[in-house]
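Just below is one structure, and these are the notes that go with it.
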Amino acid sequence: MKKVSIKDVAHEAGVSVTTVSHILNHNEKRFSKETITKVLNAKETLGYFPNKNAQQLRGSKIKLIGVLLPSLTNPFFSTIMQSMDQNKPDDVDLFFLTTTGKELESNIKQLVERGMDGLIIGRLIENPEALDTYLKKRNVPYVVLDQSEDHGFTDIIRTDEEAGGQLAAEHLIRLGHRSLAIIAPHQMMANMKDRVQGFITYCRAHHLSEPLFMQTELSKAGGASIVPAILESNATAVFAINDEMAIGIMRGLADRGLSVPADLSVVGYDDIDFASYMIPSLTTVAQPMEDIGALALTLIMKKIQSPDSNPEKVELPNKLVIRETTRQVN
Ligand code: RIB
């Protein structure tokens with residue numbers, strides 16, 4: 001079946017192609033209500049949808065923003081996405097894509113070729129200089145989030161990760177825990193290294209023995225599978241690098257007839273939506289996910305309007321949310 005074109009809509013509505021183009025691109029001020037209605041009805045009747053790439057070439061007012069994230073299933077990232085979606089102006093379309101570290105470069109090229117006006121990148125960038133050169137050459141502004149390393153090329157949104165790690169350590173030490181373990185992924189992103197550093201620095205400052213450092217997969221399954229190693233250690237409390245790992249640890253303990261916090265105190269990181277609904281509810285270091293999403297959108301829109309503006313660096317605070325997975329010990 002032949003694809004419905006803008007010409008078909010113009011013919012059906014009895015107006016020119018230019019009129020249809022203006023109206024469908026939110027440029028309708030100069031047209032009568034009657035003409036607008038005729039065009040919108042014709043669009044509906046024929047099931048017409050504009051080809052975005054062609055739209056770009058014709059100078060549409062709709063901005064396309066590509067958002068690259070590591071996962072759609074981890075609520076940390078889906079909450080950020082949701083916030084972007086809720087805060088997006090009418091003249092912006094978002095294009096979400098998950099990407100692995102290896103695929104990041106090719107995924108970015110793919111989005112640029114599809115005519116994105118700007119990119120939001122929430123995945124560790126291995127070669128920031130090459131990426132910056134590539135995007136600047138093509139006039140595609142970008143904003144990065146959820147990483148610690150600021151290479152100074154563009155706007156960055158980060159959270160105070162060291163302070164986040166410190167908050168977790170401070171809470172556990174205040175509860176009397178002296179044997180602590182950090183549960184981290186095999187592949188540590190720079191922001192995760194900072195949160196671990198914050199935790200260790202705080203322990204050292206309080207003359208505690210070095211926390212154990214255990215590595216597993218960055219997932220719920222990873223958390224569950226590290227439980228035997230935790231139980232072999234003398235740790236009375238663990239700091240999991242994210243909430244998903246913390247949930248996995250709790251499942252691993254429950255499968256062995258053990259409970260949290262009676263047998264082990266657990267602190268997570270992120271404060272995903274499940275954290276407050278679980279039984280027991282999860283003590284965690286909350287990252288401001290909604291703010292990160294909304295801000296990323298604001299910054300990229302500003303960057304599209306003023307591509308030569310100085311890079312903005314925004315650091316948002318994290319906060320400890322004390323719930324039911326941690327307890328006082330003697
Ligand atoms: O849950 C995903 C984790 O990886 C978050 O803590 C986020 O900061 C990311 O780096």
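The values are calculated or read from the model by the stated rules, or taken from the named source; none is laboratory data. Everything numeric in this text was worked out from a predicted model, so none of it was measured. Because the Cβ atoms are built from the backbone with ideal geometry, glycine has one as well, and the counts that use them run over all protein chains shown. With ligands, DNA and RNA removed, areas are computed over all heavy atoms of the protein, side chains included. Shrake-Rupley method; radii C 1.70, N 1.55, O 1.52, S 1.80 Å.
Which whole-Hz ³J(HN,Hα) couplings does region 88-98 yield from phi under the Karplus relation 6.51 cos²θ - 1.76 cosθ + 1.60, θ = phi - 60°, glycine and proline marked x?
Running phi through 6.51 cos²θ - 1.76 cosθ + 1.60 with θ = phi - 60° gives 7, x, 4, 8, 10, 10, 9, 10, 8, 9, 8 Hz.
With +1 assigned to the C-beta of every Lys and Arg and -1 to the C-beta of every Asp and Glu, and no other charges, what is the dipole magnitude of the chain about the Cα centre in debye, to the nearest 20?
1040 debye
Calculate for the chain the 222 nm mean residue ellipticity that helices alone would give, adding -39,500 (n - 2.57) per DSSP H run of length 4 or more and normalising by residue count, nearest 500 deg cm²/dmol.
Calculated at 222 nm, the ellipticity per residue is -13000 deg cm²/dmol.
Which percent of the accessible heavy-atom area of region 209-330 goes to carbon and sulfur, probe 1.4 angstrom?
52 percent
Could you tell me which of SER276, MET245, LEU180 has its Cα farthest along the dipole of region 161-287 towards the positive end, charges placed at Cβ (Lys, Arg +1; Asp, Glu -1), taken about the Cα centre?
Checked the options; the winner is LEU180.
For PRO70, what charge total do you get from the other residues with a beta carbon under 9 Å from its beta carbon, if Lys and Arg give +1 and Asp and Glu give -1?
So the environment of PRO70 carries a net charge of 0.
If the elastic network links every pair of Cα atoms under 10 Å, which of ALA190, ALA254, ALA237 fluctuates the most in the Gaussian network model of the chain?
Evaluated over the chain, the most mobile residue of the options is ALA254.
Given the peptides 94-107, 302-315, arrange them by the average over their residues of other C-beta atoms within 10 Å, most packed first.
Ranking the peptides 94-107, 302-315 by packing returns 94-107, 302-315.
Which one, PHE95, LEU124, MET84, projects farthest toward the positive side of the charge dipole computed for region 70-146 from Cβ point charges (K/R +1, D/E -1)?
Going by the charge dipole, the pick is LEU124.
By a straight-distance test (C-alpha under 29 Å), which lysines pair with LYS7 as possible cross-link partners, with residues fewer than eight away in the same chain excluded?
LYS29, LYS33, LYS38, LYS43, LYS52, LYS61, LYS63
With every protein chain kept in place and ligands, DNA and RNA left out, what is the accessible area per residue of the chain? Probe 1.4 Å, answer in Å².
That works out to 50 Å² per residue.
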